Structure formats: C-alpha cells, structure tokens
C-alpha cells in the first residue's frame, strides 16, 4: 500500500470506558485500525475496533507485564505505528470515597499510581520507538488539569503523576523528534464519565463554559494531534477544560 492508501494504526491504553472508549470510536470512524489495551478482556458485545485480535490485555501497574506486553503489541504491527495514545490512568480513593492526600496515601498506592500513569507510557513509547519512527508517528499522553493545581477530588499521587507525565511529554518531544516522531499531551478538565466524583456540579457552576466536557470532545483533540493537521506541533500540552485553567 502507498503511504496515502495504507490503513493507519493506533495503540490506545485505557480503552474500555470514558475518554478511551470515545477515542476508539473516533479513530474507528476515521478508518484507523485501533489496537486496544486494557486490564479487562475484549468485550465480545463491543461493535468497535477489530475484536480480540486487536486487543491486548495488560496490567499496567506491573512493570514486568508492561514490558512483556510491548512484544505482544509489536507482533500485531506491520513494522509501523502511526499513533500511541497513553490514556490509562488511575486515581484511588479512600475507604469512603475520600481524596487521598500526601499524608494518608500509602507507599504501595503511590507506586501503583505511578506505574500506571507515568512509567507505563515510558515503557510503551520507548519499546515501540522503531515502529513509531517508521511511520513518522505521534504520541499523545493524557495528563490532567490536576497536574497543575490541587484538585478537590483527584488524589495527590494522581496529580503528581500527571504533572510528571506533562514533563515527560516535553522530554520525549525533544528525544523522539530526531526520529520524526511528535509527542504531545492533552490535559482534560471535568469530563462527563461514569467515574465523576459527587460534588463535581459545584465545580461546573464556576467553569466559564458552565458545563461538563464530553468524552467525544477530548477524543477530537487526541485525533487532531495524531493527524497531519498537527504535523508541526510537538512538545505541547493542550488544555481541554472549558477554560477551567484560566
């Protein structure tokens, strides 16, 4: 296939719900092959993507299993990868759903959060750099508004891992650029998904746009950064939050 007619391929982590699921739908609609990665098996009732053959079940909280998964993913590629979207993220809560701060977050939780939210993107991007370079592809890291300010619901481990991921995005843009690979991030704010915390409506009242974001709106930003329309954008973090950051 020529470059123009070749079907593009994306690898997406955290594909099973919310922003990840909306991203699968968007790229599928645009004709991309989507290789999904999540800790759950591929749901047979799901009409999106390519089914089990394009799914990798992976526990991103385990460094060893993440490293092993790189080889599994590479075998599913044809030597080229047009986009890697590091969307998976976890934000544990306390026994009663309360925010975990720097004082009451135990060390194991810190490690688990950083393995999923920060180290997994490093492992996957570095492990797939040859395929990304062959396609002159793109990496998109999904950070968060919580990475730049104390958030009433997002825990300290989550927030600091997302801040680290934003810094990693800059470092990767510098290091991957000579290979022709662009690296950017998007930082969602309050997005309407099944895991919204009680009390989010109070935040929405103060947002300039006065509404929650939709997963499809975040997916559109991800698609833009992976497309030729963003061919000279690298090292950027785009805020997708209805001006919550201003």
Open item on the list: Sort 216, 68 by Cβ crowding within 10 Å, fewest neighbours at the top.
Closed with: 68, 216
Open item on the list: Nearest 10 degrees is fine. How inclined is helix 156-176 to the longest principal axis of the chain, computing both from alpha carbons?
Closed with: 30 degrees
TODO: Determine, from the Cβ-Cβ distance of residue 101 and residue 72 and an R0 of 30 Å, the FRET efficiency 1/(1 + (r/R0)^6), rounded to the nearest 0.05.
DONE: 0.25
Task: Gained length - residue 6 relative to residue 28, 0.36 nm times residue gap less alpha-carbon distance - done: 6.5 nm
Open item on the list: Given R₀ = 35 Å, what would the calculated FRET efficiency be for residue 52 paired with residue 217, taking r from the Cβ atoms and rounding to 0.05?
Closed with: 0.75
Open item on the list: If you fit an axis through the alpha-carbon atoms of helix 18-29 and take the longest principal axis of the Cα set of the chain, what angle between them do you get, 0 to 90°, nearest 10?
Closed with: 30 degrees
TODO: Go ahead and estimate [θ] at 222 nm for the chain from helices alone: -39,500 (n - 2.57) per DSSP H run with n ≥ 4, summed, over the residue count, rounded to 500.
DONE: -10500 deg cm²/dmol
Task: Nearest 10 degrees, 0 to 90: helix 63-76 Cα axis against the chain principal axis - done: 40 degrees
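If you stretched the chain out fully between residue 179 and residue 229, how much longer would it get, using 0.36 nm times the residue separation minus the C-alpha to C-alpha distance?
16.1 nm
Can you put 61, 161, 91 in order, fewest other beta carbons within 10 Å first?
61, 91, 161
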Task: Label-point gap, in nm, between residue 171 and residue 133 - each point 7 angstrom along Cα→Cβ - done: 1.9 nm
Open item on the list: Can you give me the C-alpha center-to-center distance between region 106-121 and region 71-90, rounded to a whole angstrom?
Closed with: 20 Å
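Each value in this text was obtained by applying a stated rule to the coordinates, not by laboratory testing. On a predicted model such as this, the values are computed, not experimentally measured, just so you know. All Cβ positions, even for glycine, are placed from backbone atoms using ideal geometry, and neighbour counts span all protein chains on display.
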